[in-house]
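Structure record follows, encoded as structure tokens.
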Amino acid sequence: MMHRSPCPLLATACAVVAAALAASALPASAAPVLVEAEAFESPGGWMLDTQFIDQMGSPYLMAHGMGIPVEDAGTTVTFAKPGTYRVWVRTKNWVEIFSDPNAKTKAPGRFQVLINGKALPDEFGVSGAEWHWQDGGEVTIEGDSAAVALHDLTGFNGRCDAILFSDDPNFTPDNSNEVLPKWRREMLGLPGEPEEEGPYDIVFIGGGYAGSCGAISAARMGLKVALIQNRGVLGGNGSSEVRVWAKGTTPPGLYPIGDIIREFSDDAQASPGTYEEFEDDKKEQIIKAEPKVALFLNHHAYAVEMENRAKIKSVLALDTLTGTVRRFTARNFCDATGHGTIGMMANADREMIDGGRMGMSNMWRWEVTDTAQTFPETPWALDLKEGEFPYPKKFHAEWFWESGFNRHPLNDLESIRDWNLRANFGAWNAMKNKGAYDRYDESGNAHKNARLIWMAYVGGTRETQQLLGDIVLTEEDIVNKRPFPDGCVLTTWSVDLHYPAEQYEKAYPDRPFISKAVHGHGVDRKKGYPVPYRCFFSRNIENLFMAGRNISVTHEALGTVRVMKTCGMMGVVVGKAAAICSKFDVTPRDVYYEHLEDLITLLRLPGYMRRDSLDGEFYEDPKLPKLEEPDMGYVPKASLSGIVIDDSEAKLTGNWAEGAGLPNFVENGYHYTREKGATARYEFNVPKTGEYEVRLSFQPHENRSTKTPVTVISAGGEMTQTVNQRIAPPLAKGFCTLGAFKFKEGEKGAVILGTEGVDGNVHADAVQVLPLEE
Ligand SMILES: Cc1cc2nc3c(=O)[nH]c(=O)nc-3n(C[C@H](O)[C@H](O)[C@H](O)COP(=O)(O)OP(=O)(O)OC[C@H]3O[C@@H](n4cnc5c(N)ncnc54)[C@H](O)[C@@H]3O)c2cc1C
């Protein structure tokens with residue numbers, strides 16, 4: 001469900017202005033009337049799509065009903081005079097770009113345009129691989145206004161940019177892909193000059209983890225900050241629109257720069273999880289609670305104005321609902337768009353690798369209901385059969401539904417998203433309509449009762465281009481722990497690179513749609529590697545910072561730094577560096593060469609410290625949480641009392657896999673297996689004879705065993721019990737108790753995990769032995 005505030009006046013107001021122009025200039029024919037779809041009074045069930053503005057020129061409305069036609073979008077259009085008008089609708093047939101014979105004849109996204117409730121004779125969205133103005137024929141307008149509606153016929157992603165009425169038989173609309181060209185602005189009655197915003201100390205463009213956490217950090221340093229985000233929600237890929245869970249850890253490391261991330265971050269338990277799990281409202285409230293942050297949601301930055309070749313003067317952003325253009329001036333700018341587009345527009349040094357990038361995903365979820373659910377056939381989608389795609393286990397299709405590896409990550413972005421939709425719908429069609437009724441899902445229900453409940457229409461992107469700083473960090477730097485004096489943001493993810501999975505590359509060489517991840521093991525995931533500050537500012541644009549996935553790293557290094565908690569910490573560092581720039585009137589580069597000590601002093605401040613102005617004193621803000629317990633993603637042995645035996649010290653028999661994906665394990669990961677006969681034996685010697693409590697730690701998961709046999713060998717003999725490893729252990733730091741036992745000094749005690757009778761994986765982490773008497 002998308003949340004947004006429609007602009008009730010725009011369509012009518014524009015038409016009135018256009019009418020006024022017509023009355024004075026051309027009395028014979030009225031000026032054309034342009035109605036932007038995104039400015040409709042009511043969007044109904046149509047979604048606002050702002051992802052491709054830079055490519056096709058405008059936000060647009062899309063009927064993303066997952067096979068169920070969405071509610072009409074409607075508005076009132078005012079005309080200067082009654083008469084006969086030709087109607088033009090800017091749209092496309094979104095599958096025609098793919099060379100598939102069904103694309104032309106079976107257009108998925110068909111819709112009608114209703115004028116005063118009556119449909120124009122032709123359907124729209126039926127032809128044209130590119131955005132174009134489809135001639136909708138003539139309509140007679142009898143009064144001075146008409147109700148205009150978009151009526152979706154399919155629920156399969158029909159799209160409309162704008163509608164134009166003209167009573168001039170010789171008029172044809174300009175189809176340029178320019179963002180808000182002069183003719184559109186004039187027809188909409190928008191002022192020729194942008195509204196002025198600022199000056200700010202820093203403007204963050206992009207409201208993902210990097211931009212949002214950066215804005216918070218800068219504001220708490222006493223800076224005047226603007227945050228521009230082209231969606232209605234914050235969080236970027238970590239919002240309810242894309243639903244990626246935030247990974248990477250925020251270890252205490254050198255500086256407490258992780259606590260703003262812990263404050264901002266959600267606690268999503270799945271990727272993709274539910275809408276609620278991603279806590280859009282909480283994220284927005286945290287930003288809105290910052291008095292020094294001006295938040296501009298639904299604003300797309302589409303141009304930069306340069307003071308000279310090496311300095312940005314301002315950024316222009318388009319209000320994606322009203323068309324208002326705002327000019328943001330600032331001392332510094334931070335490109336946190338993920339795409340690096342601000343740097344690109346400023347001609348910052350940058351690198352986009354030729355191909356083999358990581359791609360875009362549109363994840364999806366389904367559920368089983370009590371009643372039969374139908375799903376329309378999708379002849380225009382990928383013609384998939386079960387077995388030709390990974391079964392979406394646990395009711396969701398995850399990160400590896402990914403495509404676009406060799407496609408241009410900006411110019412081809414809409415077709416990459418649309419290919420993902422074709423793959424997703426093709427797979428669902430196979431599950432619903434191609435004999436999959438026989439197959440039973442994990443709940444024991446047939447697919448007959450299954451229905452699609454969510455599919456991201458906002459794609460999650462991973463790699464576009466890198467803006468280059470004074471250091472371009474490499475995988476070798478990270479793996480070899482190359483020290484830099486400005487190392488600050490700890491990267492804790494493995495070098496995780498994605499490639500098309502072989503069988504899909506073979507079947508769909510142009511556009512494979514399933515990926516595999518290859519994880520390098522060179523990153524110290526526990527302590528992290530400190531990424532240097534010099535990756536966070538442009539080497540040739542003197543007032544441009546960058547944070548998030550578009551920082552100065554190689555493709556391989558992006559494999560580790562791109563996870564969201566790490567991106568968030570980059571923003572925090574940029575916020576603090578921007579404070580040094582404003583205070584000492586220096587550039588981001590000077591911060592390193594002349595003020596590194598000052599930067600480090602600010603990096604040492606926890607997130608709950610703030611000052612109200614650059615000259616003010618820092619104080620603890622009582623309203624901010626003191627998140628002092630660091631989220632290290634693991635439990636150090638040293639933080640536990642008593643005797644602790646990690647799985648790495650246990651004697652293992654049989655085949656055990658190593659894991660680290662479920663966080664908060666003791667020391668370095670854990671082992672798991674369900675192989676018959678496998679055992680994990682934890683041995684220990686107590687310092688003196690007496691009663692001890694024996695505890696077991698594990699990280700619960702749905703695929704773990706509910707009856708893992710655990711044997712304790714004590715002075716009293718052997719005792720076996722079963723432990724349910726799907727349920728979180730109740731004690732602190734992920735432990736459950738196995739009971740009190742007597743152990744004798746000099747006699748080995750042991751705990752043994754086995755696989756006898758298990759119904760899932762046995763999870764072996766740590767054993768703790770605590771004295772019960774002094
Ligand atoms: C399917 C998938 C799975 C992933 N798995 C994980 C995972 O498990 N854990 C993890 O932590 N990371 C994961 N990642 C990677 C991670 O999501 C990204 O690397 C991360 O989101 C980058 O953060 P960011 O703040 O740089 O950019 P983004 O999250 O992309 O945020 C940038 C924001 O800027 C906005 N924007 C862009 N251009 C403009 C503009 N011109 N004007 C205004 N606003 C603009 C965008 O709408 C977006 O909201 C995954 C990514 C994908 C796609």
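The values are calculated or read from the model by the stated rules, or taken from the named source; none is laboratory data. Since the model is a prediction, treat every value here as computed from it, not as a measurement. Methodologically, a virtual Cβ is constructed for each residue, glycine included, from the backbone with ideal geometry; neighbour enumeration extends over all protein chains shown. We work out accessible area using only protein heavy atoms, side chains counted, and drop any ligands, DNA or RNA first. Shrake-Rupley method; radii C 1.70, N 1.55, O 1.52, S 1.80 Å.
Some observations on this one:
- Among the GluC sites (Glu not before Pro) within the stretch 603-662, those in coil by DSSP and having at most 15 neighbouring Cβ atoms inside 10 Å are 617, 628.
- When you restrict to C-alpha pairs under 8 Å that are six or more residues apart and normalise by the size of the stretch 444-599, the relative contact order lands at 29 percent.
- Cα→Cβ-extended label distance, 7 Å offset, between residue 474 and residue 613, nm: 4.9
- Separation of alpha-carbon centers, the stretch 461-509 and the stretch 523-589, rounded to whole Å: 14
- The gain in end-to-end length when the residue 585 to residue 703 segment is fully stretched comes to 36.8 nm, 0.36 nm per residue minus the alpha carbon separation.
- Per-residue Karplus couplings for the stretch 401-417, computed as 6.51 cos²θ - 1.76 cosθ + 1.60 with θ equal to phi - 60°, are listed in order as 7, 9, 8, x, 3, 10, 8, 5, x, 10, 5, 9, 4, 5, 6, 5, 4 Hz, Gly and Pro entered as x.
- Report summary: the helix-based calculation at 222 nm, which adds -39500 (n - 2.57) for every DSSP H run with n ≥ 4 and divides by the residues of the chain, gives -5500 deg cm²/dmol.
- For the chain, the Rg and Dmax computed from alpha carbons only, in angstrom: 29.2, 107
- Each residue of the stretch 128-139 was assigned a 3J(HN,Hα) from its phi angle through the Karplus curve 6.51 cos²θ - 1.76 cosθ + 1.60 (θ = phi - 60°); the sequence is x, 6, 10, 4, 7, 8, 8, 6, x, x, 9, 9 Hz, with glycine and proline shown as x.
- Centre separation in Å (Cα based) which lies between the stretch 265-334 and the stretch 392-430: 26
- Beta bridges from DSSP with both residues in the chain: antiparallel share about 85 percent, rounded to the nearest 5.
- With every protein chain in place, the chain: carbon and sulfur % of accessible area (1.4 Å): 50
- Amide H contacts under 5 Å for residue 689: 745, restricted to partners 5 or more places along the chain or on a different chain, H placed in the peptide plane at 1.01 Å from N.
- Note on residue 100/residue 517: beta-carbon distance plugged into 1/(1 + (r/R0)^6) with R0 of 22 Å gives a FRET efficiency of 0.15.
- Size descriptor for the stretch 342-489, Kirkwood hydrodynamic radius: 18.1 Å (Cα pairs only, one decimal).
- Rounded if a/c under 1.5, otherwise prolate or oblate - the stretch 504-580, Cα gyration tensor axes: prolate
- A cut-off of 5 Å between modelled amide H atoms, ignoring neighbours fewer than 5 places along the same chain, links residue 489 with 531.
- Amide H contacts for residue 473 (H built 1.01 Å from N in the peptide plane; partners 5 or more residues away or on another chain; cut-off under 5 Å): 553, 554.
- A straight chain from residue 305 to residue 393 at 0.36 nm per residue would run longer than the Cα-Cα distance by 26.8 nm.
- Those aspartates and glutamates that a straight Cα-Cα span of less than 17 Å connects to residue 583, excepting residues fewer than 8 apart in one chain: 201, 542, 594, 597, 598, 612, 615, 617
- Here the stretch 147-215 is treated as an ellipsoid with the same Cα gyration tensor; its semi-axes, largest first and in whole Å, are 34, 22, 11.
- The mean sequence separation of alpha-carbon pairs under 8 Å and at least six residues apart, normalised by the residue count of the stretch 98-190, gives a relative contact order of 31 percent.
- For the stretch 168-192 versus the stretch 89-111, the gap between their alpha-carbon centres in whole angstrom: 25
- With protein chains left intact and a 1.4 Å probe, residues in the chain average 39 Å² of accessible area per residue.
- In order along the stretch 752-762, the Karplus-derived 3J(HN,Hα) couplings, from 6.51 cos²θ - 1.76 cosθ + 1.60 at θ = phi - 60°, round to 10, 9, x, 10, 4, x, 6, 10, x, 6, 8 Hz, and Gly and Pro are given as x.
- Sequence-distant contacts, meaning Cα pairs under 8 Å at least 6 residues apart, place the relative contact order of the stretch 626-774 at 33 percent.
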